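Encoded as structure tokens, the structure appears first; notes follow it.
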Amino acid sequence: MIQGSGRCHYHPERAGLGVCVECRRVICRECTTQFEGINRCASCLGRRLQALEGPAERREWTVGNGLLALVGVAIVWGGVYLGIHLVTG
């Protein structure tokens, strides 16, 4: 993009210098960050860095997991109970 041919998406009073490869918005010199050799705006760069960090740490036993485990145990116990009564009854 030719400098001055557009206005920065984040700073409309500033001339655009380039285009973010992720969101395709025109950005000024202060908003342009090169990462992996490619121009990105701050918000797209933040999303890219989050994706590279991987998923957030998981807590293994949440309330939902506990309830799901109890429901699973109840279903298995109910199946065993029903099987015993069908065989003996």
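Coordinate-derived values only; no laboratory data. Just so it is clear, the structure is predicted and the values come from calculations on it, not from any experiment. With ideal geometry, Cβ positions are generated from the backbone for all residues, glycine too; neighbour counts draw on all protein chains shown.
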inquiry  = Using only the alpha-carbon atoms, how far is helix 42-53 inclined from the longest principal axis of the chain? Give it as 0 to 90 degrees, nearest 10.
reply    = 40
request  = Give the Cα extents of the chain along the principal axes, in whole Å, largest first.
outcome  = 87, 22, 20
key: Degrees between helix 63-88 axis and first principal axis of the chain (Cα, 0 to 90, nearest 10)   = 30
message = Please compute, for the alpha-carbon atoms of the range 33-77, the extent along each of the three principal axes and give them in descending order in Å.
response = 58, 15, 12
ask   = Label Val73 and Arg7 with points 7 Å out from Cα along Cα→Cβ: what is the distance between them in nm?
value = 6.4
